[in-house]
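Structure, as structure tokens:
The values are calculated or read from the model by the stated rules, or taken from the named source; none is laboratory data. Just so we're clear, the structure is a prediction, and the values are computed from it rather than from any experiment. When we count neighbours, we look across all protein chains shown, and the Cβ atoms used for this are built from the backbone with ideal geometry, even at glycine. Side chains included, ligands, DNA and RNA excluded: accessible areas come from the protein's heavy atoms. Shrake-Rupley method; radii C 1.70, N 1.55, O 1.52, S 1.80 Å.
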Amino acid sequence: MKWDEFFVTGEPMIYAAMVSIVVVSLAIPIALTYFKKWNWLWTNWLTTVDHKKIGVMYILAALLMLFRGGVDALLMRAQTAVPDNGLLDGQHYNEIFTTHGVIMILFMAMPFIIGLMNVVIPLQIGARDVAFPRLNAVSFWLFFSGAMLFNISFVIGGSPDAGWSAYFPLASLEFSPTVGNNYYAIALQIAGIGTLLTGINFLVTILKMRAPGMTLMKMPMFTWSVLITNVIIVFAFPVLTVALALMTLDRQFGTQFFAMQSGGMDMLWANLFWVWGHPEVYIVVLPAFGIYSEIISAFARKNLYGYKSMVVSMVAISLLSFVVWAHHFYTMGHGVMVNSVFSITTMAIAIPTGVKIFNWLFTLRKGKISFTTPMLYSLAFIPIFTIGGVTGVMLAMASADYQYHNTMFLVAHFHYVLIPGTVFAVIAGFHFWFPKVFGFRLNEKLGKWAFWFITVSFNVTFFPLFILGLNGMTRRMYTYSESTGYGALNMVSMVGALGLTVGFIILVYNIYYSVRYSPRDTNGDPWDARSLEWSTHSPVPEYNFALIPTVDRLDAHWFSKKEGKPLATGKYEPIHMPNNSGVPIIMGAAFFFWGFFMVFSWWIPAIVFGVVILGTLAYRTFEKDHGHYISVEEIERTEKALRGEQHEN
Amino acid sequence: MKQLFPAQHVMGFLFSLLLSLVALVAVLFDLSFAAGMTILVVTALVQAGLQLFLFMHVKENAESKTLYLNILYALFVGLVTIFGTLFAMRWGYMVK
Ligand code: HEM
Ligand SMILES: [Cu+2]
């Protein structure tokens with residue numbers, strides 16, 4: 001590596017990005033020092049092991065990444081809005097669709113979902129934290145350092161440019177000689193380990209820490225969906241870990257696993273990538289199904305229709321999700337037998353998914369529906385996602401896929417699944433659970449404006465792509481000539497993308513507006529909802545529940561309100577809580593620097609930081625930390641304050 | 001004293017070392033591919049069972065049903081990944 005290649009040069013947009021990065025990274029410490037907030041930040045946030053705060057940090061990071069991925073998307077749409085455009089060159093376009101894909105899936109959708117999981121799951125099962133709070137903080141900091149590492153690639157060294165799927169041989173050292181794909185392999189590796197730890201943590205939490213009486217079949221549907229998601233995480237992510245390690249070995253240590261000669265096999269990467277990749281799409285979509293189930297039953301004021309069939313269909317989806325991966329490369333040389341088998345398994349997934357759609361519809365039937373913002377997203381999800389699903393079945397037919405493969409039709413399809421299936425869900429969940437965390441609701445009027453902008457513009461952006469794809473426009477194409485006739489529809493799509501931008505800006509503005517003007521809510525249950533998280537105060541105290549509730553049926557909180565019977569009785573006892581720790585963030589930082597030096601193959605500093613990582617592990621092994629107790633007096637004081645009563649002394 | 005000495009575990013430990021040594025036979029001697037593979041597969045399976053039941057206490061757990069289910073799921077995913085890959089990338093690849 002020559003030093004003049006270290007920083008990416010020659011691009012005005014990148015210079016602007018560098019300037020803004022420098023400004024922001026100076027502004028933050030200066031502001032913190034000026035307002036004397038360092039201590040507050042460190043003790044309340046950076047070292048926290050509280051699942052609610054970790055969840056909030058995940059969601060903040062996800063919103064930041066949504067912005068980054070969104071800017072990428074806008075640039076791509078702007079470039080292709082008119083024929084023969086020169087806004088971006090081919091190389092730059094390649095880098096942008098790659099970072100857009102990776103960031104949206106791994107650094108936006110995943111952390112947003114994991115963030116909601118963190119905030120909601122312990123509350124929903126009546127627990128005081130997750131099973132391994134310290135590990136939870138480690139998960140967050142590993143995700144965060146992976147995300148930051150990936151993001152600096154566009155100013156230092158250059159971004160990966162072989163697509164979010166990074167197919168070999170294109171992603172090999174021979175065809176992608178810059179460090180871009182090293183960033184891909186190492187940043188995803190670090191974030192992936194964090195996700196794997198989350199998977200284990202939540203699996204144990206849900207299996208072991210449910211409130212007394214809450215059997216598996218009395219769990220709220222979101223908890224069920226998260227349980228199944230984490231099973232998939234635990235079994236799918238190791239495949240990614242191995243595949244990325246082989247990629248690093250190939251690119252930096254001279255092995256030939258994915259080479260085209262010496263017994264290597266380039267297609268094996270695509271195979272391993274999708275063995276992880278298809279379950280991954282269910283990892284981001286199943287929790288969304290759970291969120292919709294909660295919201296739809298809360299605002300239809302009815303219990304969820306077909307609870308058992310919902311669970312069974314999610315289990316079926318989790319198994320099927322592991323046997324369909326080859327549908328991503330039907331056209332790459334498989335025989336009829338392979339393609340037929342994977343066609344059939346893929347179409348089979350439509351069945352349990354269809355069951356769920358009908359269950360939601362039946363839940364709505366004869367319900368007293370209140371059209372709140374989260375409910376609007378949930379209602380819009382059903383028809384839009386169905387379009388995504390139906391085009392998915394079209395793509396599932398191997399012989400027809402020879403027509404659709406790698407066209408804009410595919411791009412339209414997966415955005416029609418991912419955006420209603422994940423983005424709408426996390427936004428809906430964000431609006432729904434926001435008052436639980438902060439004690440006031442987001443403004444409904446602004447929320448609805450954002451909703452209409454986002455939903456309408458989404459269709460304007462992506463529906464034209466179905467037609468463009470059928471007309472032959474391929475994906476990842478940075479420009480086209482006027483004679484192709486693609487211009488008009490691409491321009492329509494650009495207009496839609498601008499509308500989406502307006503929608504997201506209103507959404508973010510709504511957060512600011514509501515912080516300032518929203519009335520605070522008083523009873524912890526502003527939506528009059530059904531599951532346990534609504535039975536404690538908002539904002540939730542550190543210990544979640546002063547007394548652990550006892551559950552005797554699904555929607556126990558709802559019935560306790562109807563029947564006027566409290567869920568928990570008895571006297572307060574001292575509550576044991578875990579201590580904060582600075583080790584996870586130090587570990588995250590060490591991983592960041594280790595990763596950075598690995599990317600550039602600077603072995604000595606990489607080894608040094610590798611030793612630091614091992615050091616943090618060793619420190620933890622010998623650390624004596626028994627947590628702390630919250631005294632009865634303090635619980636009483638907190639509870640009183642949260643109920644709005646005055647202090648006595 | 002007899003109860004304190006973990007005889008079962010020491011035996012198990014020695015046995016697992018023995019299994020590893022037997023597995024070495026596959027590379028140390030000039031066996032046919034089939035014979036070598038058989039030795040490896042058999043010793044690996046016995047080894048895995050030993051670890052799970054003796055050292056990871058699968059049976060002693062109150063919720064062993066969950067654990068068996070988990071192992072079953074793991075087997076499913078593992079076998080599907082291996083044989084699915086062979087199916088997609090070897091047996092059914094570049095054929096008419
Ligand atoms: C918010 C509005 C969005 C817009 C306007 C948008 C637009 C685009 C465009 C123009 C492409 C490239 C098409 C091509 O030339 O091949 C693309 C690719 C992609 N998008 Fe989006 N997108 C958006 C949101 C999302 C979200 C939320 C996700 C995931 C959760 C996502 C995941 C992807 C992926 C995985 C690719 C493929 C990248 C690749 O080819 O390697 N996008 N998107
Ligand atoms: Cu797939």
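Tabulated results
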item: Number of the exception - A:Val82 against (1) over 20 Å from the mean Cα position of the chain (by Cα); (2) under 21 Å from A:Asn580 (Cα atoms); (3) among the aliphatic types (A, V, I, L, M); result: (2)
item: Qualifying residue in segment A:306-315 (condition: more than 23 Å from the chain's Cα centre (by Cα), of a type in the set (S, T, N, Q), away from ligand 2 (no atom under 16 Å from the Cβ) and more than 19 Å from A:Ile233 (Cα to Cα)); result: yes
item: Condition check for B:Val22: more than 14 Å from chain A (Cβ to nearest Cβ) and at pLDDT below 85; result: no
item: Selection count where residues are open to solvent by 50 Å² or more (accessible area, probe 1.4 Å) and aliphatic (A, V, I, L, M), scope segment B:73-96; result: 6
item: Filtered residues of segment A:173-210 (kept if farther than 30 Å from A:Ser159 by Cα, open to solvent by 10 Å² or more (accessible area, probe 1.4 Å) and not in a loop (DSSP other than H, G, I, E, B)); result: A:Ile200, A:Leu203, A:Val204, A:Leu207, A:Lys208
item: Enumeration of residues in segment A:262-281 that are more than 10 Å from chain B (Cβ to nearest Cβ), free of Cβ contacts under 8 Å to residues at least 60 places away in the same chain and away from ligand 2 (no atom under 16 Å from the Cβ); result: A:Ser262, A:Gly263, A:Gly264
item: Which numbered condition A:Phe322 misses (of (1) modelled with pLDDT of 90 or more; (2) more than 14 Å from chain B (Cβ to nearest Cβ)); result: (2)
item: Members of segment A:251-263 that are surrounded by fewer than 22 Cβ atoms within 10 Å (Cβ to Cβ) and either at pLDDT 95 or above or in contact with a helix residue (DSSP H, G or I) (Cβ under 8 Å, 6 or more places away or on another chain) (or both); result: A:Gln252, A:Thr255, A:Gln256, A:Phe257, A:Ala259
item: Qualifying residue in segment A:271-278 (condition: under 24 Å from A:Lys52 (Cα atoms) and either part of a loop (DSSP other than H, G, I, E, B) or modelled with pLDDT under 95 (or both)); result: no
item: Matching residues, segment A:328-341, being at the interface with chain B (Cβ under 10 Å from one of its Cβ atoms) and open to solvent by less than 10 Å² (accessible area, probe 1.4 Å); result: A:Phe329, A:Gly335, A:Val338
item: Selected residue (criterion: nearest to the other protein chains (Cβ to nearest Cβ)) from residues of segment A:226-250 that are within 16 Å of A:Met314 (Cβ to Cβ) and open to solvent by 20 Å² or more (accessible area, probe 1.4 Å); result: A:Phe235
item: Residues of segment A:442-493 that turn out to be among the charged types (D, E, K, R) and either over 30 Å from A:Thr372 (Cα atoms) or crowded, with 22+ Cβ neighbours inside 10 Å (or both), as a count; result: 3
item: Of all residues making up segment A:510-538, the number that are touching a residue at least 60 places away in the same chain (Cβ under 8 Å) and either buried (at least 20 other Cβ atoms within 10 Å of the Cβ) or touching a helix residue (DSSP H, G or I) at 6+ places or on another chain (Cβ under 7 Å) (or both); result: 16
item: Test for A:Ser165: is it open to solvent by less than 10 Å² (accessible area, probe 1.4 Å), in a loop (DSSP other than H, G, I, E, B) and either over 25 Å from A:Val19 (Cβ atoms) or among the acidic types (Asp, Glu) (or both); result: yes
item: Residues within segment A:379-390 that are touching a Phe, Trp or Tyr at 6+ places or on another chain (Cβ under 8 Å) and within 13 Å of ligand 2 (Cβ to nearest atom), tallied; result: 1
item: Among the candidates A:Tyr305, A:Tyr292, residue that is closer than 25 Å to A:Trp433 by Cα and open to solvent by 50 Å² or more (accessible area, probe 1.4 Å); result: A:Tyr305
item: Helices (runs of 4 or more DSSP H) (entirely within segment A:51-154) containing at least 1 residues that are within 16 Å of ligand 2 (Cβ to nearest atom); result: A:90-102
item: Any chance A:Thr223 is crowded, with 19+ Cβ neighbours inside 10 Å, farther than 28 Å from A:Met347 by Cβ and either within 13 Å of chain B (Cβ to nearest Cβ) or away from ligand 1 (no atom under 16 Å from the Cβ) (or both); result: yes
